[in-house]
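Only one structure is covered here, and it is reproduced in the block below.
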Ligand code: PMP
């Protein structure tokens, strides 16, 4: 899959982007690695992206994991088209909302009542505000290295201040129950909520230990602190439901990501007594002007397509990719491993899985990661630009695609024997 020479159209578009888009970048970032040529995406289909010059790429980002069905799934696109023809959004209670709410409340244990919003960021922002209102407390506990969107109620980047002033944030190390217990016991009267990714997805893939999450659940319950799971990355990733289906059930859950079927959609929901604070039932006002019908219907179609057989197939392919890559690293004595949560994966420059932000920082190797990204891009393969962001596969990635990826990663690392 060698890429052809850079051409005129992308270059022209990139120059235009520099004069019209902030930072010359799209909503998240640009697609390039240091010193590689930047590309502009024109369209996507299945596991592939195509740039403005018609070059094809195998996509291991799938819109930050959103397009688990692959780009432009026929049935999802059809659902969106048909819905749009009957009105895109009404700012009034709609059938689509009720059907989607029914689907989510049936599949996600904590979600007795839900409210739709337009993104994961809006979901966590709303959930935190709701928790403050429902408890009439002001402090928020979050964990270093977890990401909850860019609203700034909790720090957006590790070791940086939140945008919510007045020292209301308590940021604790991930997977450290003792630190949690100590911090919460000395502040519990002031703490409204604890927000956590039950599997942290933005410092590599780091699952919360069972003991850690169980301790959080017990301590928050004891002190009337609301526990919020941010399942934007984990919900409907490996099966129909959330991480909480394993038995540790939060008070409020936030989701975004795959539930929009490739569009941006967010939802938060939880115990009926807490959600009762929301207007029009309660006095807590939160109301996006529009949650799109098109998006709700596309999301519902996607969730219905993601049946047991779908998950079984995509998870099996993910296991194949993870174990094959790790076999390459082990066989060649390389200090590199891939860790995963179902089809969400991350590459770590270490043989051991980090368990918190500090450990993930200690093993990072940005230069080498950039080199890898650049090499793969040159071979027509796209991985995330940031080392700690996960890469993903969709149901549309074939065994052959994975074998190409495995082969290219192997070729790259065999030229780096000093990693052993
Ligand atoms: N929470 C988590 C765990 C996320 O991974 C993300 C982004 N994927 C968000 C919140 C923010 O979601 P969005 O980009 O839809 O605002």
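In segment 328-368, which residues are free of Cβ contacts under 8 Å to residues at least 40 places away in the same chain and either crowded, with 20+ Cβ neighbours inside 10 Å or in contact with a helix residue (DSSP H, G or I) (Cβ under 7 Å, 6 or more places away or on another chain) (or both)?
Scanning segment 328-368 gives 337, 338, 359.
Just give me the residues in segment 304-317 being part of a helix (DSSP H, G or I) and surrounded by fewer than 22 Cβ atoms within 10 Å (Cβ to Cβ), in sequence order.
Listed by number, the residues that qualify are 304, 305, 308, 309, 310, 311, 312, 313, 315, 316, 317.
Output the number of residues of segment 176-203 satisfying the condition of being over 20 Å from residue 253 (Cβ atoms), in contact (Cβ under 8 Å) with a residue 40 or more places away in the chain and out of contact with any strand residue (DSSP E or B) (no Cβ under 7 Å at 6 or more places or on another chain).
3
When you go through (1) away from the ligand (no atom under 16 Å from the Cβ); (2) under 19 Å from residue 68 (Cα atoms); (3) touching a strand residue (DSSP E or B) at 6+ places or on another chain (Cβ under 8 Å) one by one for residue 314, which number turns out not to apply?
It is condition (3) that residue 314 fails.
Can you report the number of residues in segment 135-154 which are in a loop (DSSP other than H, G, I, E, B), within 16 Å of the ligand (Cβ to nearest atom) and crowded, with 20+ Cβ neighbours inside 10 Å?
Adding up the residues that qualify gives 7.
Which members of segment 135-148 meet the condition of being over 17 Å from residue 359 (Cβ atoms) and touching a strand residue (DSSP E or B) at 6+ places or on another chain (Cβ under 7 Å)?
135, 137, 138, 139, 140, 141, 142, 148
Any read-out appearing in this document is the output of simple, stated calculations on the displayed coordinates, not a laboratory observation. Here the structure is a predicted model, which means the values were calculated and not measured. Because the Cβ atoms are built from the backbone with ideal geometry, glycine has one as well, and the counts that use them run over all protein chains shown.
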